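Since the structure comes first, as structure tokens, the remarks are kept for the end.
The values are calculated or read from the model by the stated rules, or taken from the named source; none is laboratory data. Quick caveat, the model's predicted, so the values are computed rather than measured. Ligands, DNA and RNA are stripped out before the accessible areas are found, and what is left, the full protein with its side chains, is counted by its heavy atoms. Shrake-Rupley method; radii C 1.70, N 1.55, O 1.52, S 1.80 Å.
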Amino acid sequence: MGEGGAQACPICGAPVKENPRYPDYVCGDCYRRVVDDTGRPVQYQNASPGYPNLIENLTATYADGSPYMTQTCYIDGIACRADEARFGGIVVRPLQKKGPWG
Ligand SMILES: [Zn+2]
């Protein structure tokens, strides 16, 4: 664990591709499990026509397509924040560090 610069998901500890810019981004499985503060699943995506943007090139919706207008989300009860990644895509990171390394 942690040798050779490998990264682990801060939520579940799964190994993720190393990214020095985002050392605490969550893995793909956790990314797909994000919910709002009531436990309702939400999905972040790069902006698409017809949806209001949270920030440049980032939008979020519930499963029924209605907009979710905050970058804050939750995974296993841990508050996280979604951002547009510097080189495209989306990163979700915990607001506070918790998990395998405390
Ligand atoms: Zn994970």
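Overview of results
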{"item": "Per-residue ³J(HN,Hα) for the range 47-52, Karplus 6.51 cos²θ - 1.76 cosθ + 1.60, θ = phi - 60°, Hz, x for Gly and Pro", "result": "4, 10, x, x, 10, x"}
{"item": "Gyration tensor verdict on the range 26-94 (Cα atoms; rounded if a/c is under 1.5, prolate if a/b is larger than b/c, oblate otherwise)", "result": "oblate"}
{"item": "Residues of the chain: accessible area per residue with a 1.4 Å probe, Å²", "result": "60"}
